[in-house]
Every structure is written in C-alpha cells, then in structure tokens.
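> Below is the structure I would like to discuss, written out as structure tokens.
Derivation of every value follows stated rules applied to the coordinates shown; laboratory data play no part. Everything numeric in this text was worked out from a predicted model, so none of it was measured. Every residue, glycine as well, gets a Cβ built from its backbone with ideal geometry; the counts of neighbours run over all protein chains shown.
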Amino acid sequence: MTTIICDGKTIYADSRGYTGDKTPIGIKRKVHKFEYGVFACSSVHPGVPEQLLALLKAQGPYAKVDPTFDGDALFLQYDGTVFFYSNGPGWVTLEPGQVHCIGSGSQYALGALAAGASPVQALELAIGLDVWSSLPIYAESI
C-alpha cells in the first residue's frame, strides 16, 4: 500500500505507515540506500519490506528468494541496473531507460508520467488520489 517510482537514477516513495489492518500509524521511510544501491518495497504485511531488504543485503539480487515474500520491490544498483521483485522466487532485471512504478498508487503515477510530469510531480498526484499513500516523499539516488 504505497506509491514507489524509479527513474533509473533515483527511487522516490511516499511514507504512509500502517498496522496491516489499514489503520494509519504515521510516517514510514520506505526507500533505503545501502552499500549495493537503493531499495524500496510495498507490502500489505508489516515487516516484509525489512525482511526482504535484509535478505537482499545478505544474498544480493541474483540469489533465490526463499522463502518468498508477499510484496513488490524495486532495487536500483549503483551501475543503474534496476531489479523488480514480486511474490516469487527471485529478482527480475528490468528494461533500462524506463521509469518503473509499483504500489497501490502506481497507475496514477504512470498516468501523470505519461502526461509529462516529473517523478516528484507524479508521486504528489498519486498521493492525492490514492488513500494508501501519503506525504512526505522520500528519495534516494545512486
């Protein structure tokens, strides 16, 4: 339940935190920069993003994800390679040079991007339309 955008250089994310039962609990930082790149994750289950990040840090994006996690994630390596994860056994390399969006507000963000909005403008629009996304916006770049 979020909106996350990756333009190949930066990952942008909203910050709505919730308890898993749709009750807002404040602000949560969903985008993280670490020694291998930038990571952001969306899941309806609290704790899944942190577990997937820990596994990514330990094994990298080429290892099998076992057990699988119920969530979608983007990982941007420092060389510009973008990986996508979605409830499966591993990460998938995405097409370079494209903007990628995940989360409940992703369709709003993609529409705004198609209309010429910047990633920040697209995320602001998605936050305004998607009840599961909210300000502030966090971003991390490679």
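> Between Val131, Val82, Val44, find the one with the highest GNM mean-square fluctuation for the chain; connect C-alpha pairs within less than 10 Å.
With Cα springs under 10 Å in the chain, the top fluctuation among Val131, Val82, Val44 is at Val131.
> Apply the Karplus parameterisation 6.51 cos²θ - 1.76 cosθ + 1.60, with θ equal to phi minus 60°, to every residue of region 27-43 and state each ³J(HN,Hα) to the nearest whole Hz, in sequence, with x for glycine and proline.
9, 9, 7, 9, 10, 10, 9, 9, 4, 9, x, 10, 10, 8, 9, 10, 8
> Can you list the aspartates and glutamates whose alpha carbon sits under 19 Å from that of Lys33, skipping same-chain ones fewer than 8 residues off?
Asp7, Asp14, Glu50, Asp72, Asp79, Glu140
> If you average the alpha carbon positions of region 1-34 and of region 36-79, how far apart do those two centres end up, in angstrom?
13
> Taking the Cα atoms of region 100-142, report the difference between the largest and smallest coordinate on each principal axis, in whole Å and largest first.
28, 22, 15
> Can you put Val31, Val92, Val65 in order of Cβ neighbours within 10 angstrom, beginning with the fewest? Could the numbers behind the result be given before it?
Details: Val31 24, Val92 11, Val65 18.
Fewest to most other Cβ atoms nearby, the residues stand as Val92, Val65, Val31.
> Another one. Please report the Cα spread of the chain along all three principal axes, rounded to whole Å, starting with the longest.
Result, largest extent first: 37, 36, 23 Å.
> Order of Leu55, Leu125, Leu74, Leu135 from fewest to most other C-beta atoms within 10 Å?
Values: Leu55 16, Leu125 19, Leu74 26, Leu135 12.
In order of increasing Cβ crowding within 10 Å: Leu135, Leu55, Leu125, Leu74.
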